[in-house]
Amino acid sequence: SVVGPLRRRITDAIDESGDAGGLAERIGARYREWRSGALEEVLTDGLTAAWSHGVYDAVPAAGVLWWVPAAEGRCPDCEDDGLQAVRKGAAFPTGHTEPPAHPGCRCGLAPADALS
């Protein structure tokens, strides 16, 4: 998910023209576009998923989990997931067992006993 978009951009830059003239500049431009735009979003999505997965793995098999929305009103589906705790292994209302529920989701996961 991190390298794939960059690879596609570089491939497009190479395929744009049959000649090698300006190839380094086209590749550099694609890299800068990717770095300034998509990279932060993709890395933050990955870190969100890693954190949630770590919390999920740390909870005992019979544990109870809460979906913690990042911000009120940001995403109705995530707010629905945050209305009720579920046992580990069960799905939240959106069908997910852990965040992120969508690209850009910054919700978290917490053991129920940590929020009481």
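Can you give me the orientation-averaged projected area of the convex hull built on the Cα atoms of the chain, in nm²? Don't skip to the answer; put the middle values down first.
Numbers: hull surface 35.4 nm².
Result: a mean projected hull area of 8.9 nm².
Where does the charge balance sit around Asp113 when Lys and Arg score +1, Asp and Glu -1, over other residues with C-beta under 15 Å from its C-beta?
Combined, the nearby Lys, Arg, Asp and Glu give +2.
Report, in degrees rounded to the nearest 10, the 0 to 90 angle that the Cα long axis of helix 3-15 makes with the longest principal axis of the chain.
The angle comes out at about 20 degrees.
Using a cut-off of 15 Å between beta-carbons, work out the net charge of the residues near Gly63 (Lys and Arg +1, Asp and Glu -1, Gly63 not included).
-1
At 0.36 nm per residue, minus the direct Cα-Cα distance, what do Ala114 and Leu23 gain on full extension? Give it in nm, one decimal, please.
Between Ala114 and Leu23, full extension yields 27.3 nm more.
Any chance you could list P(r) for segment 67-116, counting all Cα-Cα pairs in 5 angstrom bins from zero, rounded to whole %?
Percent of Cα pairs in each bin: 5, 24, 37, 23, 11, 1.
Tell me the mean residue ellipticity at 222 nm calculated for the chain from its helices only (DSSP H runs of n ≥ 4, each -39500 (n - 2.57), averaged over every residue, nearest 500).
The helix-only estimate for the chain comes to -16000 deg cm²/dmol at 222 nm.
For the charge dipole of the chain, defined by +1 on Lys and Arg C-beta atoms and -1 on Asp and Glu C-beta atoms about the Cα centroid, which residue among Gly28, Ala114, Ala90 has the Cα displaced farthest towards the positive pole?
Going by the Cα projections, it comes out as Gly28.
Enter the angle in degrees (range 0 to 90, nearest 10) between the Cα long axis of helix 23-58 and the first principal axis of the Cα atoms of the chain, meaning the one along which they spread out most.
The angle comes out near 10 degrees.
For the chain, what is the accessible area per residue in Å², given a 1.4 Å probe and the full set of protein chains?
62
How much of the accessible area of the chain, in percent, comes from carbon and sulfur atoms when a 1.4 Å probe is used? Show your work: numbers first, answer last.
Working: 4110 of 7160 Å².
Solvent-exposed carbon and sulfur of the chain make up 57 percent of the total.
Can you compute the charge dipole magnitude of the chain about its Cα centre, using +1 on each Lys and Arg Cβ and -1 on each Asp and Glu Cβ, nothing else charged? Give it in debye, rounded to the nearest 20. The partial results should precede the final answer.
Numbers: 11 positive and 17 negative charges, 49 e Å.
Charge dipole, the chain, about its Cα centre: 240 debye, nearest 20.
By the gyration tensor of its Cα atoms, with a ≥ b ≥ c the square roots of the eigenvalues, what is the shape of segment 24-83: rounded for a/c under 1.5, prolate for a/b over b/c, or oblate?
Taking the square roots of the gyration eigenvalues as a ≥ b ≥ c, segment 24-83 is oblate.
The values are calculated or read from the model by the stated rules, or taken from the named source; none is laboratory data. Note that the structure is predicted; figures quoted are calculated from it, not measured. Positions of Cβ are generated from backbone atoms using ideal geometry, with glycine treated the same way; all protein chains shown enter the neighbour counts. For accessibility, only protein heavy atoms count, side chains too; no ligands or nucleic acids. Shrake-Rupley method; radii C 1.70, N 1.55, O 1.52, S 1.80 Å.
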